[in-house]
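Worksheet for the structure shown next.
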Amino acid sequence: MANKKGNRANVMDRWYGRDKDGYRHQKPRAPFVDVPQYTFGQLYITPFTHAFTADDMGRTGYTPIERNLTPTGIHVLDAYLQALHRGHSDIADFCDRYNARTSDLDGLIFLLTGMTNQDFRNRWILHTADLLLRYTDMTVEEVARRSGAGTRTNLYFIYERDLNTSPTSRRNALRKPGECGRYKIVEQK
């Protein structure tokens, strides 16, 4: 009888993808075999809408930044990039709106960028948070919300995991004198 239970557990572990330690692990993806069609930089949409400028006459002010909100022309991918840009990083919620599976979006991101969707999304969150910490006086809570991390705690854990630092320490390391206010966000109504 114990043998049946042992065999059943082994079958269940194999069925649900669990290793001997009882945790579920995904198989690592093989490296991308072709040159990705898009780099992260080609797809990234800056959170800023205006840049501080000065002309030859000494006049200063903010001028609009030209941003391409549809960099690929692929409707669903551009919508996903815009969702990330607005700080909405919930993949399941996005896929529900398109009646798609998260694995569909994961495959699309991998095929076009050579990155897993999780790596792509984490890189987006970190890059946005870095820009906001460096160029604005937003609180860490505001940066977390706007970057897609959600909460201050989530942002803290992302920085600790990926960069071994805190958001406040990162702000101090990134910011140079006179950089705060170089860019700003004007929300559209």
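The values are calculated or read from the model by the stated rules, or taken from the named source; none is laboratory data. Not measured: the values here are computed from a predicted model. Every residue, glycine as well, gets a Cβ built from its backbone with ideal geometry; the counts of neighbours run over all protein chains shown. Quick note on the areas: whole protein, heavy atoms, side chains included, nothing else; ligands and nucleic acids left out. Shrake-Rupley method; radii C 1.70, N 1.55, O 1.52, S 1.80 Å.
The table below lists the values:
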{"quantity": "Sole residue being hydrophobic (A, V, I, L, M, F, W, C), under 25 Å from residue 66 (Cβ atoms) and touching a Ser or Thr at 6+ places or on another chain (Cβ under 7 Å), chosen from 129, 92", "calculated": "129"}
{"quantity": "Condition check for residue 173: buried (at least 16 other Cβ atoms within 10 Å of the Cβ) and under 20 Å from residue 47 (Cβ atoms)", "calculated": "no"}
{"quantity": "Subset of the range 140-185 (residues that are in a loop (DSSP other than H, G, I, E, B) and free of Cβ contacts under 8 Å to residues at least 60 places away in the same chain)", "calculated": "151, 164, 165, 166, 175, 176, 177, 178, 179, 180"}
{"quantity": "Residue satisfying all of: in the range 84-97; aliphatic (A, V, I, L, M) and at pLDDT below 95; nearest to residue 145 (Cα to Cα) among these", "calculated": "91"}
{"quantity": "Considering residues of the range 96-116 that are assigned to a loop (DSSP other than H, G, I, E, B) and polar (S, T, N, Q) only, the residue least open to solvent (accessible area, probe 1.4 Å)", "calculated": "116"}
{"quantity": "Residue 119 on the phi < 0 side of the Ramachandran plot, of a type outside the set (S, T, N, Q), without any contact (Cβ under 8 Å) to a residue 24 or more places away in the chain and assigned to a helix (DSSP H, G or I)", "calculated": "yes"}
{"quantity": "Output for the range 53-70, where each listed residue is open to solvent by 90 Å² or more (accessible area, probe 1.4 Å) and either over 18 Å from residue 186 (Cβ atoms) or modelled with pLDDT under 90 (or both)", "calculated": "56, 57, 59"}
{"quantity": "Residues located in the range 71-95, provided they are more than 17 Å from the chain's Cα centre (by Cα) and surrounded by 12 or more Cβ atoms within 10 Å (Cβ to Cβ)", "calculated": "72, 74"}
